[in-house]
Structures are given as C-alpha cells and as structure tokens.
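Step one of this worksheet: look at the structure below.
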Amino acid sequence: MNKFLITSLLALTPALLLKADRIFIETESFSDHGGWKLDTQFIREMGSPYLLAHGLGKPVKDATTTIEVKESGNYQLFARTKDWVARWGAKGQPGRFQIIINGTPVKTTFGTKGAEWDWQGGGKISLKKGKNTLALRDLTGFNGRCDAIYLTTFKEVPPNDSAILPGWRRELLGTTEKPLEKKYDLVVIGGGYSGMGAAISGARMGCKVALVQDRPVLGGNGSSEVRVWAKGNIRRGKYPRIGEIIEEISDKAKKSPGTYEEFEDAKKEKIVRAEKNIDLQLYHHAFKVEKKGSKISAVQAFDVRTGQVTRFSGTLFVDATGHGTIGFLAGADHEMTPKGRMGMSNMWAWANDPKEASYPQTPWALDLNMADFPYPRAFHGQWFWESGYDKDPLGDAEGIRDWNLRAVFGAFNAMKNRDGAEKHKNAILTWVAYVGGPRESRRLLGDVILNEQDIVSKKDFPDGCVPSTWSIDLHYPKQQFAKKFPDNPFISYAVHGKGVDRSYGYPVPYRCFYSRNVENLFMAGRCVSVTHEALGTVRVMKTCGMMGEVVGRAASICIKRGCLPRDVYKSYLDDLIELINLPGKAFRPTVKDKITIPSDAMALAGAYGAPTGLDPKKFPGVVDDTQALLKGKWMKGSGLKPYFHYGYRYSSDPESTATFTLEAPKAGQYDTRIAYQPHPNRGKSVPVEVTTGDQTKKTSSTVNMTQKPSFENGFHSVGRITLRKGQKVMVRLSAKGSKGNVHVDAARLVPID
C-alpha cells in the first residue's frame, strides 16, 4: 500500500495522542531519537516521516520517549513497519528491532513481516498509570524502520487502507487546531542550491522570503547527507555577476563523496540565517497547495518532528523541490521521460582500520562478488552507484533507495566475506548515504522548453542568462555490471555530449524558469523547463543555484512592479538585466529602497569566470594564452600548475602555432619570456621565433619543455631584445618539429635594469 492522498493525510498536530483507551505515537515525536535517523524522503509514498536505524551493520543507540498513561491496564500493541527486503523475496530480515516498555522488551521482534508498510502486532503489554518509558531497540544496524506505535485496550487492528488511514490518524491526533499563518512576498520550497540561490537573491533585493526545507540541513544533493560535490562553472558568460551568491555558499569538497566537514552544512545555514529578509523553516514538509484561479495563494507545510502545520501564503512561489512537487500539486503543465531516466545515487565510503574488523553476513543484500561491481579503489563508491532508471522515481523512491542499499551492502559483503576477504581484513564502512541523490523526475513547462538542438546550435535567446557549462551528461546502466540484475542495474556510466562551451557557457533563457500556466510560480533546479537531453547540462548544482539567483531577482521586480513572472520577460527584461549585472552582495531592505553595494562585494569576473590560476593582472606585461593567436588544433588543460588565468593550451599537431603580441611600455632592453610547465610528454625541441613588429629584429631558438623553466611561475627566457617605447614584439611557438606537445600558457617582456 502506498501513494497516500497526501492532502488529507498530513495535518498531524500534535504527533502524540494519549487517551485512556487509545494511545497513538508518531515515532518522529520521540523525545530522543538516539542513533535512529529521521527519514522524511518518502512521505508522499507511505504517508509519514519515520525513524530509520541506519547503523552500517552495527545496531544504533535506542530511540526513547516517555508517555503519560491515564489508566493502568493491558493494551494491544501495534507498530507500523515492514520487512524492507521482503518485496524481493530476499533471505533474512535485516530490519529487525524491538520495542522496550518500561525497560522490558516485548516478545515480538518487529520489522519481520510484510513487503509493504503495515501494522505488525506485538501482543498484549501492561502499562501502569502515570509515566511509562518507551524505546525502539535496533537489532542489526541494517535500516530497520518504524513509522508509528498504537496501543489500545480494544480488540481492533489499526486500518492500513490509504482511503481510511489518513482520517483515522487525524481523528486520533485531534487535528482541529488551525495552521499557523505566515505571509511573504516570496515562498521558496526546497533548500538545495537552487532554493538557497533564490531565497538569498530575493531577500537581498528586498523581498520578504520564506525558505521551506524538509531536511535538517541545507544543500540538497550538495549536503553532508548526500555528498555530491557542486559542479558547473559560475561567474562567467554574458552576465558574470551571476554565481557570486553560489560562490559564497558552495562547498569546497575535493571529491564526491567527501567528508562531512567538506560539505559545510553549518556555513550554508549561517549565510542564510544572516539574511534578515529570510525566514528559514527547516524540518518542514510542504504537502498542500492552495490556489485562486491560475495562481497559488498558499502552501501548507508541517513540521516533520511535531506535526505542526504552517500555512505559507505569498505573492510568488518557487518550486525548488527537484521533483516539481509544488507545480504538480498546483496543476502546472509538466512532463517526465517515461523510460531511460537518470537514476538515484546512494554513495558510500570505507577506510582501513588499524585493527582487523569483521562484518556480518548479508544474505538479504544483492548477491555480489568482486567482479560484479567497480572496485572502489579511492575508498569510496562514487556517483555511478545509481539505479532506478526505469522505476517510478516518485511513487517508489523508497524502493529505489532500498535497492541501492542492498547493492552497497552486498558489495561490502563481497569485500569482507567473499573473494575480497583476504585483501580487506581491516576494511570498515565509514559512511553510506541513506538520503538518495535523485537526478531526474518531473520537469515543469515554461514559455520555452530548452532542447539539445538549442544548446548545440547555440541558439541565442534574448533572455539567455544562466551559463550552463556542464556537458550534456546523461547516465545509462553499465552493462558490464548489469548481468546479474538486468531488471534494475545499479552501476551507471556517463555519456558526455559535445556542443557546450564549457568555459563561457550556454546562456539558458529566463523563460525556462517560470510556469506557463500557473501564473505566479517560478521554478529553479532540475525541474525547470527543458527536455530530458537538455537536462543533462543544466542539472548540476552550481548551475541550478544560478537559476535561483536569477529567479530571486526577477521576483523582486514582480513585487516592485506588481507584475507576474511572464511580465518580467515581456515588459521588464531590461530591469532584470540591470539587476543580474549587480554584485551578488548588492542589497536593499525593501524593493522600494535604493540598492547599496557593500565594500566586500566580489570583484567582477570576466566572460570566462574568475581566474582559477595566477591572475595575469597582477603580473605587469603578462599576456595570457587566451589573448594569443592560435592556429591548428589545440587542447585546453589545467592539470599542470601553476598556470595563468584559466589554464593553458597544448598541441602536437604540426600545423599548430601560437603567436603572442607584446608591447614595450618604455624604451629599453627586455628579456622575452614564455611560460610553460614541464612534463615528459612535452616537446624536447619546441621552435620559438621572436620578431619585432617592424621586422627589424628576428631570432629563433628551441626550448626543451620536458625540463624545468628558468624562472618562477613557469617562465623561460627566449632571448633579449632592445625596443623603442610602444614597439610590438611577436612571439611565435610552433608544434612542427617539437618532438612532443607544445605547452602554451603566457608570454612576457621583463625590463633589464
């Protein structure tokens, strides 16, 4: 049983009912969750948040609470749970747990029955009048789960029919209290990069903003819970100020998955909370949309810990849920690729312990040997641990996540207990994502539906603004590892299409960021108006965050002008361009106030972004390879450091040449220098020609680029020359006869005193 009618289910306030004959407890309301995790991912499928014993094979600490019982007596005990591997007919029951009443375990072991969520009976238990303690005790560390506990003196079995259970819960919990009421200019649902970008951008431009996030942390896929490092180049293209907000909040993870600390959850929250115009609501799940005509009037969300409902009314709304959830509930036009979607990832990490470590057998996990999966040599299972390509990403997300867990635990079992055992005696699991990293589901439709041809042909939309620099990156099941499980492979590979300028970026149009039929709905992130193929380039987090930045500034125009998102394109596009040309830290208290630029605003980046290497502006006379005249076939590189600006070029094509034009700032003698970094595959005899602009002087030499340059920062002398003030010098490097790759980074005239 799944697919609850969510709008009638989730008005659960409070989360604990205590009557003389019926006691109903939502596990999320336990006073101490212990080592159990609060899982809010699948509320729309199974009806509630629940506690999850995610212990990586070691039982977690008890979740505990205290209940006040009005009358002593014998009560029938029920727990809403399931055997989470039963749907696949797997051997064993990894989700076993006990319920402890007043320090004594109930005889029944829970999490052992049923492939779907249902009430498992625990028999009769005795409760005393007054305070009674209640605990959930994990027995395995392998993802046991419990939604709710019901105690009754009646001879009844709680309902589990989705048509009955919601009303039954509401009746027991006495949900007659009205929701809390809050009103804003802009309500943003979803606290990933796109939601944070929209909230901060809108707030700094004077909007009163609510940022509603159902998890305890911000960042979405880029949080410590999922650990996908933030990709996509920012601060470049037509409007290089876009991305400055994302630069502030972005993690600096060096790999994916990285460590908890690298994803900087606390930094993200601190930056958001520092904005006086933002009301941050963590732990809040949006479940209901109210409309008036073709506009959203309010979104209702409940606190996943207590059940308290808040009604967020607003002028404008942003769907940054990643799944187009708010748009869907509002009746927005949408689409979802029926088959061959990108799947959900659940990455993992392991390490070597100083001592030999055992690991329990996992007969219920996927039946794997070492050859069935890519060996995680870097001590972590990366992005390609992905499944669910043809499964339902909305109605069966829990099943996709659980399959991924079976794959991960089966792989580690192979490492510890099967053909990898001898090599991995000291290996221990250090982290497994239980929050899935979804890539694709619904896409909401705007006035432009961006497609692959638009991107490859570089179609120039007048409202093109957000630079997408990721390639058209689509994922497919990797057949090498799909032989045992062809119905649901768990390892993917990426196909990177060509046609995206990864330095400058393709400007995605603003018209992809608002709904074509819900008049006051923006969207940002991977649910924007693109095709499946185009999603391959726009879906990475920094790009999604920049969408949010544009949406936030557009929202401030709507509030100031009293218009709708579509009107910004039709009538106020110049206003939007003016705002997105401002620094990310530009601020005004309200939309009617004057904009101020703080002293700590970022320096304006160029069309190719802020330098990732040495800044040529800080080295007088340096000319970067981006300013050189290039002929032939050149490759871009950034692996050899230090380099200037964004990287360097290299080529072994005999037709390739690179010509720098230098100019003497005053009369005198100069040392002419080129910059390169040595490598064994570089040219051993690179021809270099130095010529003055009037052809009065010309010298030729060769450089061995396998050897270290003469000066710091990769500079090497190619000859001294006497010049008049303003006299130009051409430095030409050639690949013909170079005996390896020519490395071209920069050139410079250095005065000789």
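When we measure straight from the Cα of Lys423, which lysines land under 20 angstrom away, once same-chain ones fewer than 8 places off are left out?
Lys355
So what's the gap between the Cα centers of the range 434-484 and the range 517-544, to the nearest angstrom?
Each part's Cα centre sits 9 Å from the other's.
Using θ = phi - 60° and the Karplus relation 6.51 cos²θ - 1.76 cosθ + 1.60, list the HN-Hα couplings for the range 130-143 in order, rounded to whole Hz, with x at every Gly or Pro.
Coupling constants for the range 130-143: x, 6, 10, 9, 9, 9, 9, 10, 6, 10, 9, x, 10, 6 Hz.
What residues have an amide H closer than 5 Å to that of Arg215, excluding those fewer than 5 places away on the same chain, when H is modeled at 1.01 Å from N in the peptide plane?
Long-range HN contacts for Arg215: Tyr283, His284.
Can you put Met347, Met546 in order, fewest other beta carbons within 10 Å first?
In increasing order of surrounding Cβ atoms, one gets Met347, Met546.
Over all alpha-carbon pairs of the range 73-113, lay out the pair-distance distribution in 5 Å bins, whole %, shortest bin first.
Values per bin, smallest distances first: 6, 21, 26, 20, 13, 8, 4, 1.
Collect residues whose amide H, placed 1.01 Å from N in the peptide plane, falls under 5 Å from the amide H of Gly34; neighbours closer than 5 in sequence don't count.
Thr64
Any idea how far the Cα center of the range 21-43 sits from the one of the range 346-422, in Å?
27 Å
Can you give the calculated 222 nm mean residue ellipticity of the chain, where each DSSP H run of n ≥ 4 adds -39,500 (n - 2.57) and the sum is split over every residue, rounded to the nearest 500 deg cm²/dmol?
-4500 deg cm²/dmol
Mind computing the radius of gyration and Dmax over the alpha-carbon atoms of the range 307-392? Å is fine for both.
Spelled out, the Cα radius of gyration and Dmax of the range 307-392 are 20.7, 60 Å.
Each residue of the range 651-659 in turn: what ³J(HN,Hα) in whole Hz from Karplus with 6.51, -1.76, 1.60 and θ = phi - 60°, glycine and Pro shown as x?
7, 10, 5, x, 8, 7, 9, 9, 10
Using the structure shown, list the pairs from Lys37/Lys391; Lys238/Lys459; Lys58/Lys391; Lys542/Lys585 with a Cα-Cα distance above 19 Å, or answer none.
Table pairs above 19 Å Cα-Cα are Lys37/Lys391; Lys58/Lys391.
Cα convex hull of the range 422-503: mean projected area in nm², to one decimal?
Over every viewing direction, the Cα hull of the range 422-503 projects on average to 10.0 nm².
May I ask which residue of Ile25, Ile101, Tyr283 lies farthest towards the positive end of the charge dipole of the chain, with charges of +1 (Lys, Arg) and -1 (Asp, Glu) on Cβ and the Cα centre as origin?
Tyr283
How large is log10 I(q)/I(0) at q = 0.21, 0.28, 0.31 Å⁻¹ when the Debye formula is applied to the Cα atoms of the range 117-170, each weighted equally and without solvent?
Calculated log10 I(q)/I(0) at the listed q: -1.06, -1.28, -1.36.
Hey, can you grab everything whose amide H is under 5 Å from the amide H of Ala427? Only 5+ residues off in sequence or another chain; H modelled, so Pro and N-termini drop out.
Distant-sequence amide H within range of Ala427: Asp353, Ala357.
With a cut-off of 8 Å between alpha carbons and a minimum separation of six or more residues, what is the relative contact order of the range 6-173 in percent?
Dividing the mean separation by the residue count of the range 6-173 yields 32 percent.
Can you sort Tyr514, Tyr359 so the residue with the fewest Cβ neighbours within 10 Å comes first?
By the 10 Å Cβ count, ascending, the order reads Tyr359, Tyr514.
Restricting to Cα atoms and excluding each atom paired with itself, what does the Kirkwood estimate give for the range 121-244 in Å?
20.2 Å
For the range 653-730, which semi-axes, largest first and in whole Å, follow from the square roots of 5 times the eigenvalues of its Cα gyration tensor?
That gives 24, 15, 10 Å for the three semi-axes.
Using the crude model of +1 on Lys and Arg Cβ and -1 on Asp and Glu Cβ, and no other charge, please compute the dipole size for the chain relative to its Cα centre, in debye to 20.
Dipole about the Cα centre, nearest 20: 1240 debye.
How many percent of all Cα-Cα pairs in the chain sit more than 48 Å apart?
Looking at the chain, the distances longer than 48 Å represent 28 percent of pairs.
What lysines does Lys739 reach when the alpha-carbon gap must be under 24 Å and sequence neighbours fewer than 8 apart in one chain are set aside?
Lys631, Lys633, Lys636, Lys641, Lys684, Lys698, Lys708
For the range 344-438, how big is the tail of P(r) above 19 Å, as a whole percent of Cα pairs?
Percentage above 19 Å: 38.
Quick check on the range 191-272: what are the equivalent-ellipsoid semi-axes from the Cα gyration tensor, as sqrt(5λ), descending, whole Å?
Semi-axis lengths for the range 191-272 are 21, 17, 9 Å.
Give the dimensionless ratio obtained when the Cα radius of gyration of the range 6-173 is divided by 2.2 N^0.38 Å.
Here the answer is 0.97, to two decimals.
Just to check I understand the Karplus step: with θ = phi - 60° and J = 6.51 cos²θ - 1.76 cosθ + 1.60, what whole-Hz values come out for the range 112-123, glycine and proline as x?
Those phi angles translate into 10, 9, x, 7, 10, 4, 7, 8, 9, x, x, x Hz.
Any chance you could list P(r) for the range 539-589, counting all Cα-Cα pairs in 10 angstrom bins from zero, rounded to whole %?
In whole percents, the pair-distance histogram is 24, 53, 22, 1.
Calculate log10 I(q)/I(0) of the range 616-751 for q = 0.14, 0.20 Å⁻¹, where I(q) comes from the Debye formula with a single equal point scatterer on each Cα and nothing for solvent.
Values returned for q = 0.14, 0.20 Å⁻¹ are -0.55, -1.16.
I need the GluC sites (Glu not before Pro) found in the range 402-484, filtered to DSSP loop residues with at most 11 other beta carbons within 10 Å of theirs.
Listed in order of number, the matching sites are Glu422.
Values quoted throughout were computed directly from the atomic coordinates according to the rules given, and no laboratory measurement underlies them. Computed from a predicted model, the values in this text were never measured in an experiment. With ideal geometry, Cβ positions are generated from the backbone for all residues, glycine too; neighbour counts draw on all protein chains shown.
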